[in-house]
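Structure first, commentary second.
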Amino acid sequence: MEILKDYLSATAGKELNAEMLTFVANINQVAEQSPQVAKGIIQELVDQRSYLKLIASENYCSAAVQSAMGNLLTDKYAEGYVGNRFYAGCDNVDDIEQLACEEACRLFGAKHAYVQPHSGADANLVAFWAILRKKVQAPIMERMEKKNLLDLTTEEWNEIRAELGNQKMLGMDLFCGGHLTHGYRHNVSGQMFDAHYYYVDEKTGILDYENVRQRLHEVKPLVFLVGFSAYPRNIDYSILRQYADEVGAVMMVDMAHFAGLVAGGALSGKYNPVAYADVVTSTTHKTLRGPRGGLVLCTEEYAEYVDKGCPHVIGGPLPHVMAAKAIAFKEAGTDEFKAYAYKIIENSQALAAALLAKGIDVQTDGTDNHMILVSVDALGITGKQAEFALRECGLTLNRNTMPFDKQGPWYTSGLRFGTAAVTTLGMGVAQMEEIADIMAIVLKSLKPAMTKKGAVSKANYVLDEGIKAESIKRVRHILDGFVLYPAVDTGFFEKYF
Ligand code: DSN
C-alpha cells in the first residue's frame with residue numbers, strides 16, 4: 001500500500017501534523033500485512049467518534065501512552081522483577097519497570113508498587129496470593145523449619161495446600177456493586193476462598209457500615225476486601241480500617257474504578273484507600289487514563305510476596321505496557337490531571353442531577369465519583385433493553401445489576417455509566433445536561449416488545465424511529481464539538497479500505 005507515500009506527497013510543503021503522520025505511518029505498516037486489521041483500527045476510531053462513550057470503566061489515553069505501548073519492547077521476556085530476572089538482557093526493562101514503580105509510589109504515596117499485572121483481575125490474584133503466602137504459608141513453613149517448598153514432604157505440602165484453601169474472604173456482594181473477582185462463585189476467587197459478602201442498605205443503596213462491621217465479626221475473614229465496580233458513593237476507609245483491625249483482617253482495596261480520582265486528589269483523606277489498606281489493587285485504564293493493565297500497591301510487609309506475582313501467579317510481564325504505565329503515572333501527577341479528576345466528578349454529579357430532575361431513578365439519588373447507576377425497573381424495561389436502545393441512539397454504556405436485582409445478571413434492572421471518557425474529551429456541565437435529556441427521552445419512550453408466545457420480552461423492545469433519529473442527531477452535534485484525537489483525519493483513509 002502507498003498510504004504513507006501518498007500522505008507525504010499530499011502534505012509536501014505544508015505544516016507538519018506529527019500526530020497524523022505517526023498515525024498514517026502506523027496504519028501503513030499494519031495495512032501492508034493486513035488491510036483488514038488496518039481497516040478495523042480506523043473503523044474503531046470512526047465509531048468511537050460517533051458514539052458518546054459513557055462506559056464507566058473506559059477512557060481515552062494519550063498518544064504518548066499509545067506510542068509507549070506500540071514498539072519493540074513487546075519482544076522481551078522479563079519474568080521475575082527488577083534486578084531478579086529469569087532471562088538475560090533485561091537491563092532496559094529493569095529501568096522502565098523501576099521507573100514505573102517509582103512513578104506509581106510517588107503518585108499514590110505508596111510504599112511499594114508492582115506494575116506487572118496484565119489486568120485488574122490479575123492484580124487481584126497477585127494480591128490474594130501474596131496475602132495467602134505471607135499470612136498462611138510463611139508461618140507454617142517457619143513452624144516446619146523449612147525454607148523451600150521443594151524441601152517439604154508430601155504430607156507437609158498437603159497440609160499447606162489445605163490451609164491455603166481454607167481461608168475466608170469478606171467482600172462486597174456482586175449485586176451490590178462488588179466485582180466478580182471479589183469472591184463470586186463463578187470466579188476463581190470464589191473457589192480459592194471461603195467467600196462471604198456484605199451488602200448495601202436495601203432501601204438507600206448505600207453501604208451500611210454497622211452491617212459491614214457485624215459481618216466482619218461474624219466471618220472473621222483473613223481478607224477484608226473493599227472496593228467496587230458499581231457503587232456511586234464515597235467509602236470511608238479510615239472507619240473500615242478500624243473494623244478490619246478489630247478482627248485482625250488484612251484490608252485489601254480494589255480501586256480499579258476510582259484510581260484516577262485518588263491520583264488527582266479528588267478523593268483524599270479518609271476517602272483515599274492507599275493511606276489505610278495493607279494492599280491496594282487497580283486497573284490503569286479507567287479513570288487513571290493509562291494503558292489497559294493492572295497495578296498493586298502495598299505496605300513493605302507484603303512487598304516481597306507481591307513482587308513474586310510473576311511467575312507465581314501471572315505470565316511474563318508486558319514491558320511495552322509497563323512503559324506506557326510509567327507515562328500514564330507521570331501524566332496523572334500533573335496539575336492538568338488534577339483538574340481533570342475534579343471535573344469528572346463535577347460532570348457526573350451534573351449528569352445525575354439532571355436525570356433525577358427528569359424523573360429517572362438514579363440510585364442513591366446521586367454520586368460522589370465518576371459513576372452513576374440508574375434503575376429502569378419502574379419504566380417497565382430491563383437493563384438489557386435500555387442498553388441496546390441507547391446504543392442505537394448513539395450512547396454507549398452498559399447494563400448492570402442493581403442491589404438485590406430480580407432480573408439477574410444477564411437482563412438486569414439497571415444501567416451503569418460514567419463521565420471519565422467524555423470529560424477527557426473536554427465536555428462540561430452543559431453537555432451533561434444535554435446527555436441527560438437525550439437519555440431520559442429515550443428511556444421513557446421505550447416499550448418492551450412481545451415475544452412470539454405473547455409474553456413481555458426482556459430483551460427486545462420497541463423504539464420510536466423519530467426519537468432515535470433525533471437522539472442520534474443530538475449526540476452527533478455534541479460530539480462534533482469534542483472530537484477524539486482531532487489531529488487524525490480518518491477521511492484520508494477512505495480510498496484504501
Ligand atoms: N470490566 C470492568 C468494569 O467494567 O468494571 C471490571 O470488570
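Details
- Part-to-part distance (alpha-carbon centres) for segment 60-125 and segment 129-170, which is given in Å: 29 Å
- Two-decimal log10 I(q)/I(0) for segment 311-464, as the Debye equation yields it once each C-alpha is a single scatterer, q = 0.08, 0.10 Å⁻¹: -0.31, -0.46
- Segment residue 168-residue 214, length gained on full extension (0.36 nm per residue, minus Cα span): 15.0 nm
- Residue ranges 473-485, 174-186, 45-57 sort as 174-186, 45-57, 473-485 when ordered by packing (mean number of other C-beta atoms within 10 Å per residue, highest first).
- Peptides 60-68, 280-288 ranked from most to least packed by the mean count of surrounding Cβ atoms within 10 Å: 280-288, 60-68.
- For segment 155-209, the average shadow cast by the Cα convex hull is 4.1 nm², which is a quarter of the hull's surface.
- Computed over the chain: relative contact order in percent, which uses C-alpha pairs under 8 Å that are six or more apart: 21 percent
- Within segment 187-218, backbone nitrogen closer than 11 Å to the virtual label 7 Å beyond the Cα of residue 239 toward Cβ: 207-213
- The ranking of 342, 81 by Cβ neighbour count inside 10 Å, starting from the fewest, reads 342, 81.
- Between residue 206 and residue 88, full extension at 0.36 nm per residue minus the direct alpha carbon distance yields a gain of 37.3 nm.
- Taken as entire DSSP H runs, the helices of the chain that both span 27 Å or more between Cα atoms along their own long axis and average -1.0 or more on the Kyte-Doolittle scale are 335-357.
- Three-way shape label, segment 77-174, alpha-carbon gyration tensor, a/c 1.5: oblate
- In straight-distance terms, cross-link reach from residue 14 covers every one of the lysines whose alpha-carbon lies under 28 Å from its own, apart from those fewer than eight places away in the same chain; here that gives 5, 39, 495.
- Tensor-based shape of segment 390-471 (alpha-carbon gyration tensor, a/c under 1.5 rounded, otherwise prolate or oblate): oblate
- Normalised convex hull volume, the chain, alpha-carbon set, Å³ per residue: 182 Å³
- Distance between the 7 Å Cα→Cβ label points at residue 476 and residue 39: 2.2 nm.
- Gain upon complete extension [residue 444, residue 106; 0.36 nm per residue less C-alpha separation]: 117.0 nm
- Those residues of segment 128-171 whose amide nitrogen sits under 18 Å from the label point placed on residue 79, 7 Å along Cα→Cβ: 149-150
- Dimensions in Å of segment 289-363 - Rg and Dmax from alpha carbons: 18.7, 53
- Segment 385-411 versus segment 288-330: alpha-carbon centroid distance in Å: 32 Å
- Simple label model, 7 Å out from Cα along Cβ direction - residue 487 to residue 339, nm: 2.0 nm
- Bridgeable lysines around residue 453 (alpha carbons under 24 Å apart, same-chain partners fewer than 8 residues away excluded): 384, 406.
- Each label point was placed 7 Å from the Cα along the Cα-to-Cβ direction; for residue 143 and residue 453 their separation is 5.6 nm.
- Taken over segment 245-291, the convex hull of the Cα atoms encloses 63 Å³ per residue.
- Packing, taken as the mean count of other beta carbons within 10 Å per residue, orders the peptides 455-465, 106-116 from highest to lowest as 106-116, 455-465.
- If a spin label sat at a point 7 angstrom from the Cα of residue 1 along the line to its beta carbon, the backbone N atoms of segment 41-55 nearer than 11 Å would be those of 41-43.
- Eligible lysines near residue 338 by straight Cα distance, threshold 25 Å, same-chain separation 8 or greater: 53, 111, 270, 286, 325, 330
Every read-out reported here was derived from the displayed coordinates using simple, explicitly stated rules and does not represent laboratory data. In this text the structure is predicted, and so the values were computed from the model without any measurement. In this analysis, Cβ positions are derived from the backbone assuming ideal geometry, glycine residues included, and neighbour counts consider all displayed protein chains.
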